[in-house]
DNA sequence: GTCTGAGTTTACCAAATGGTAAAAAAGGCA
DNA sequence: TGCCTTTTTTACCATTTGGTAAACTCAGAC
């Protein structure tokens, strides 16, 4: 069989039974993990299958037994991480105090930047270069969520619960500031001597910044 | 002669007479321009000498007549652009109203993002991947300037001219927000329908954000 | 046990890519 | 014009890299 990897993949349009063997689950996870490491630190073109294979502890042809090719790995990685990456934004919504909701979102984004900097850099790399393998995701995944949350924010502002400002710009500035700490880590580390103290300062700073901006 | 490019380059430690012929000036400029275009949109490893050569309207060996290699082009590009990129920060200093000084800096950074998005993405690409070819520049170029301006900001805050906040965090958040519009252009364009209106909104938003943050 | 298919490895290949040698062409100047 | 230097092109090369073929190994069902 030339490409047996076709068969065991259930999550396509045809609802094939999900017969992922233990070995497949384990190795696919290993590959995803290695790919995240390599793609996030070198970008798509800078990453090589050999690097991913070494990082995963597998051979290159073995990698290609599980995935159709380099691009397929990258795309699947983006797909798999997109949901988790947007989870904090999903959680922000009516049902709580507006200011608390927004500041909680900001804090969660900061935690994501600290705990999952590779994910942040993966997306940053991709978007920086024009999002060539993520175009559809931006349109169908991010855009609707963005619009929905803009509406929520606009509503809060109309009710006088938050100071009036452009909701879209607000969201983008939250992303910019919070993800900066992960994406520009190399620069931050040069400028801020004590990483731990710097992180605490960063948290206070972004909290203060958005609190002041949104206090009516 | 194997590498005649050694001779006509004056800006090394030895202060050789700068005998750059018209042709050299013109072609080196063409190459720098092309390299900026290609490196900024594909990253270092994603860029190829062939792409740069095509973009510059020269042949690949001809490129290598003027520069020692791919890496030399990249490094020289970073060197050449660093100064201009930091110019707005140099201008921010005592001698004006503190709030105006900071907000002017913010506005200038926004203008840079709009007018020179390639420069922004070039640096972003480099830093994202750990600044492997820019380490010294961060230490010797950026760090001192950063510390100097932090001191200026701290002084203004101590005088009560600006609200107290961490000066370093302030500077980094200014960079994050302003450069975001250039670096994440592909994403911004998906989320914001009208680019022109979006740009105006962005300018108002960042002005308001930092004004509120810094108002004592 | 043994037989079948899933999983892995060895040995490759073709294209892309950074770089070089050397000849040819183009300037520039007496 | 003739002569020397600078610039450009043509024809290569070695390495890297994504990917494949086919042999081989191993796990589990019977």
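The values are calculated or read from the model by the stated rules, or taken from the named source; none is laboratory data. The shown structure was predicted, so the numbers you read here are calculated from the model rather than taken from an experiment. Quick reminder, even Gly has a Cβ in these numbers, built from the backbone with ideal geometry, and neighbours come from all protein chains shown.
Spot the failing condition for residue B:108; the list is (1) in contact with a helix residue (DSSP H, G or I) (Cβ under 7 Å, 6 or more places away or on another chain); (2) surrounded by fewer than 17 Cβ atoms within 10 Å (Cβ to Cβ); (3) not assigned by TED's automatic domain parsing to the domain that holds residue B:137, and only one is missed.
(3)
Among the numbered conditions (1) within 18 Å of residue B:88 (Cα to Cα); (2) surrounded by fewer than 21 Cβ atoms within 10 Å (Cβ to Cβ), tell me where residue B:193 comes up short.
(1)
Looking at (1) closer than 28 Å to residue B:143 by Cα; (2) in a helix (DSSP H, G or I); (3) more than 14 Å from DNA strand D (Cβ to nearest atom); (4) within 13 Å of another protein chain (Cβ to nearest Cβ), which is the only condition residue B:111 fails?
Unmet for residue B:111, out of (1) closer than 28 Å to residue B:143 by Cα; (2) in a helix (DSSP H, G or I); (3) more than 14 Å from DNA strand D (Cβ to nearest atom); (4) within 13 Å of another protein chain (Cβ to nearest Cβ): (4).
Does residue A:138 satisfy being closer than 26 Å to residue B:117 by Cα, more than 7 Å from chain B (Cβ to nearest Cβ) and either without any contact (Cβ under 8 Å) to a residue 40 or more places away in the chain or within 16 Å of the chain's Cα centre (by Cα) (or both)? Lay out the reasoning, then the answer.
Numbers: closer than 26 Å to residue B:117 by Cα: yes; more than 7 Å from chain B (Cβ to nearest Cβ): no; either without any contact (Cβ under 8 Å) to a residue 40 or more places away in the chain or within 16 Å of the chain's Cα centre (by Cα) (or both): yes.
So residue A:138 does not fit the description; no.
Hey, could you check the range B:3-25 for residues that are more than 11 Å from DNA strand C (Cβ to nearest atom) and in a helix (DSSP H, G or I) and say which is modelled with the lowest pLDDT?
Only one residue fits best here, namely B:6.
For a quick check of your reading of the model, give me the residue pairs whose first member lies in the range B:48-60 and is at negative phi, whose second is more than 11 Å from DNA strand C (Cβ to nearest atom), with beta-carbon atoms closer than 6 Å and at least 6 apart or on different chains.
B:52/B:34; B:52/B:35; B:55/B:34; B:55/B:37; B:56/B:30; B:56/B:31; B:56/B:34
How about the range A:189-216: which of its residues are free of Cβ contacts under 8 Å to residues at least 40 places away in the same chain and facing another protein chain (nearest Cβ under 7 Å)?
Result: A:190, A:191, A:192, A:201, A:205, A:208, A:209, A:212.
Filter the range B:51-93 down to the residues that are within 11 Å of DNA strand C (Cβ to nearest atom), in a helix (DSSP H, G or I) and farther than 13 Å from residue B:38 by Cα and list them by number.
Once the filter is applied, which keeps residues that are within 11 Å of DNA strand C (Cβ to nearest atom), in a helix (DSSP H, G or I) and farther than 13 Å from residue B:38 by Cα, the range B:51-93 yields B:60, B:61, B:62, B:63, B:64, B:65, B:71, B:72.
So residue A:34 passes all but one of these: (1) more than 14 Å from chain B (Cβ to nearest Cβ); (2) within 9 Å of DNA strand C (Cβ to nearest atom); (3) touching a helix residue (DSSP H, G or I) at 6+ places or on another chain (Cβ under 8 Å). Which condition number does it fail?
Every condition holds for residue A:34 apart from (2).
Looking for something away from chain A (no Cβ under 11 Å) and part of a helix (DSSP H, G or I) - is there at least one such residue anywhere in the range B:157-166? Give the derivation first.
So the first thing to find is which residues in the range B:157-166 are away from chain A (no Cβ under 11 Å), and the list is B:157-162.
Now drop any that are not part of a helix (DSSP H, G or I), which leaves B:157-158.
Among the residues of the range B:157-166, at least one is away from chain A (no Cβ under 11 Å) and part of a helix (DSSP H, G or I), which makes the answer yes.
Given (1) within 10 Å of another protein chain (Cβ to nearest Cβ); (2) in a loop (DSSP other than H, G, I, E, B); (3) on the phi < 0 side of the Ramachandran plot, identify the lone condition not met by residue B:175.
Residue B:175 satisfies all of (1) within 10 Å of another protein chain (Cβ to nearest Cβ); (2) in a loop (DSSP other than H, G, I, E, B); (3) on the phi < 0 side of the Ramachandran plot except (2).
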